[in-house]
Amino acid sequence: MLNNFSFKNPTKLIMGKGMIAHLSAEIPSDKKVMITFGGGSVKKHGIYEQVKDALKNHDTVEFWGIEPNPKIETLRKAIELGKEEKVDFLLAVGGGSVIDGTKLISAGLLYDGDAWDLVKKGCETETIPLGTVLTIPATGSEMNNGAVISCLETKEKYAFFSNGPKFSILDPEVTFSLPDYQIACGIADTFVHVLEQYLTKSGESRVMDRWAESILQTLVEIAPKIKENKKDYQNMADFMMCATMALNGFIAMGVSQDWATHMIGHEVTALTGLTHGHTLAIIMPGTMDVMRKQKYEKIMQLGSRVFGVVSGTHDFRINETIRKTRDFFNSLGLTTSLHEENINEDVISEIERRFNDRDVHLGEDGLVTGTIAKEILTKVL
Ligand code: NZQ
Ligand code: ZN
């Protein structure tokens, strides 16, 4: 049965070629704007110039160096600069990491204490306004209120919730410069975002199921085409739409959600540095395998509607669907076992220990504990 829900997504989506030029109309001219960037990729492909040109009549200050898996150690410096400069609008230009980091900055600018307190608290809705120019389709951060922040010192990584962006500009052309590995991780991340909201309980919503399946089917269709030519506008536009629609709340209305794979993946990244989407490609088939009883009907549905697995015994169909999911990640060019990435039992034990310490109960029914997480990771070792 459909669960009760209320839904609101206030982010204005501005999509298409040349749309960065519209930036100035979205940010009031009396604002002091801090523009945040990652490590410099924006200078290689002309995004930097487009943004600067669009904001030439605004008062701006720049902050560079928000790294992949944004670190609190870096974000503290941005908050300090923003306070000094009396910044009252933020523009994140980059991928999920720059956008997530900037979400924490937007809360940190109005907070007197250390911003890591906000991450530990898990949420803060007192924020200054934020807009984004997205450069990599993957996280959905451009149209949601989530962020994931890491601490270098303690090797921790936690989700943090605040306010979504006021607007996000998505120009598929800016993705043409993405390295193959980032594209693969972005497709895997998008695919798993959908599965986390779909591979749960059956019979909750036909509409959500089919929206979710449409994103999965689109990804399966475009992934090989993107591998062949990553500068095709239509393919990259479809990829961008998939990524945004996968995690902006639309496919989550009234249905159960899992997120165990993500929570385990964040630990793997925190402990080893492995890229987010890649952790999911490794872990997701393990989650499906270990949770096959609970997820039985939805795995069968995924098999028949997305991968064309329609005949054979029930066990065969479940195994075949898990295999096809793993094959899909392999086809992107990603490995799907921990040992191929030199990750060993020590990491698994540490994750089990952390989850037990925190007494976690993840997944749609809260069944994924430290012990089950260990079982999942051992399956994909
Ligand atoms: O830093 P620069 O130099 O810009 O280079 C980046 C970075 O090295 C590069 N890049 C980005 N756009 C490019 C480009 N290179 C060439 N051309 C372009 N157009 O790509 C690298 C990775 O960027 P990053 O922002 O880290 O990637 P992604 O968007 O995948 O973000 C990953 C982070 O988002 C979190 C992840 O945990 C991870 O920390 N997530 C955020 C979520 C959310 N806010 O809702 C949900 C996700 O599940 C995820 O957890
Ligand atoms: Zn993700």
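The values are calculated or read from the model by the stated rules, or taken from the named source; none is laboratory data. Because the structure is predicted, anything quoted here is derived from the model rather than measured. No Cβ is skipped: glycine too gets one built from the backbone with ideal geometry, and neighbour counts run over all protein chains shown. With ligands, DNA and RNA removed, areas are computed over all heavy atoms of the protein, side chains included. Shrake-Rupley method; radii C 1.70, N 1.55, O 1.52, S 1.80 Å.
Tabulated results
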read-out: Pairwise centroid distance, computed over Cα atoms, of the stretch 45-89 with the stretch 248-263, Å; value: 31 Å
read-out: Average projected area [Cα convex hull, the stretch 98-161], square nanometres; value: 4.5 nm²
read-out: Gain in span if fully extended, T371 to S349, counting 0.36 nm per residue against the direct Cα distance; value: 7.0 nm
read-out: R292-M15 FRET efficiency (beta carbon distance; Förster radius 51 Å; 0.05 resolution); value: 0.85
read-out: Alpha-carbon Debye profile of the stretch 215-345, log10 I(q)/I(0) at 0.22 Å⁻¹; value: -1.50
read-out: Of V368, S337, T325, farthest towards positive along the dipole that unit charges on Lys, Arg, Asp, Glu beta carbons give the stretch 306-368; value: T325
read-out: Spherically averaged projected area of the stretch 19-163 from its Cα convex hull (nm²); value: 7.9 nm²
read-out: Assigned charges on the beta-carbon of Lys, Arg, Asp, Glu; the chain dipole about Cα centre (debye); value: 700 debye
read-out: Length released on extending from S331 to K86, taking residue separation times 0.36 nm less the Cα-Cα span; value: 83.4 nm
read-out: Whole-number accessible area per residue in Å² for the chain, which is evaluated in the context of all protein chains at 1.4 Å; value: 42 Å²
read-out: The chain: radius of gyration and largest Cα-Cα distance (Dmax), Å; value: 20.3, 66
read-out: When each of K230/K324; K17/K166; K17/K56; K201/K374; K71/K230 is checked by Cα-Cα distance, pairs over 26 Å; value: K71/K230
read-out: Mean Cβ count within 10 Å, highest first, over the residues of peptides 163-171, 339-347; value: 163-171, 339-347
read-out: Relative packing of 258-266, 3-11, 84-92, which averages over residues the other C-beta atoms within 10 Å, highest first; value: 258-266, 84-92, 3-11
read-out: The stretch 1-31 residues near the modelled F161 label - backbone nitrogen below 13 Å, point 7 Å along Cα→Cβ; value: 6-8
read-out: Rounded D (µm²/s) - the stretch 206-286, Kirkwood Rh over Cα pairs, Stokes-Einstein at 20 °C, 1.002 mPa s; value: 149 µm²/s
read-out: Rg and Dmax of the stretch 154-290, Cα atoms only, in Å; value: 15.4, 43
read-out: Gyration tensor verdict on the stretch 37-82 (Cα atoms; rounded if a/c is under 1.5, prolate if a/b is larger than b/c, oblate otherwise); value: oblate
read-out: Potential lengthening between E204 and T218 on full extension [0.36 nm per residue; Cα-Cα distance subtracted]; value: 2.8 nm
read-out: Placed amide H near F89: partners under 5 Å, 5+ positions off or other chain; value: K32, M34
read-out: Calculated FRET efficiency for the pair E62/K120, C-beta based, R₀ 41 Å, to 0.05; value: 0.90
